[in-house]
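Each reported figure results from applying straightforward, stated rules to the coordinates on display, with no laboratory input. The structure presented is a predicted model; accordingly, all values stated were derived computationally and were not measured. Cβ sites come from the backbone with ideal geometry, for glycine too, and all protein chains shown count toward neighbours.
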Amino acid sequence: MRYLCTNCNYIYDEWEWDGIEEIDLSTKFEDLWDTYTCPVCWEGRDSFHEITEEINYLDGNTHLYDLEIDHFPEIEIKGDKLIVSIWNGIHPMWDSHRVSSISLYDEYWDLIEEKFLWIDEDPVVEFDFDDLWSYEIRVRCSLHWVWWRKIGE
Ligand SMILES: [Zn+2]
Ligand SMILES: [Zn+2]
């Protein structure tokens with residue numbers, strides 16, 4: 001989740017370390033202490049508003065643009081494991097640009113599990129797979145928002 005400081009337009013992003021030593025990467029905005037202030041203009045938490053995630057829908061059946069190909073989750077089922085990897089492994093895994101997590105959702109958009117990825121890690125994750133007839137994979141990129149692929153009907 002990203003939060004915008006409405007006073008100065010600073011964006012708090014749990015996946016971008018903002019240089020404040022006390023705040024670990026992946027700390028959610030809700031979990032920041034009550035007296036947290038914007039590191040740029042020192043306004044309090046009340047001046048921050050959540051930025052709704054922009055979701056890009058990926059349809060594997062149509063022609064994919066380069067940016068879509070870079071974020072396209074390939075899916076393989078091996079026994080009771082669902083293995084998800086990002087197409088060709090060509091997406092960067094740098095500090096400034098990386099796949100930060102891959103999540104599995106059921107057909108009701110309920111999160112089953114989210115797997116977090118770190119710098120230089122291969123963007124491949126494994127989920128316990130319980131024979132869902134329909135499910136979704138969401139790929140969060142620190143630069144290109146969320147990519148969403150629906151499987152089954
Ligand atoms: Zn600010
Ligand atoms: Zn990206």
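Just a few scattered comments:
- Relative contact order of the range 59-115: 19 percent, from C-alpha pairs under 8 Å at least 6 residues apart in sequence.
- Simple spin-label estimate for Lys78 and Glu21 in nanometres, 7 Å along Cα-Cβ: 4.3 nm
- Partnerless cysteines in the chain, where a partner means another cysteine C-beta under 4.7 angstrom, comprise Cys141.
- For the range 125-134, Karplus couplings with θ = phi - 60° (6.51, -1.76, 1.60), whole Hz, Gly/Pro x: 9, 10, 10, 6, 10, 10, 6, 6, 7, 8
- In terms of Cα atoms, the Rg and Dmax of the range 1-52 work out to 9.8, 27 Å.
- For the chain: relative contact order, % (alpha-carbon pairs under 8 angstrom, 6 or more apart): 21 percent
- Cα-based convex hull, the range 1-142, per residue volume (Å³, whole number): 138 Å³
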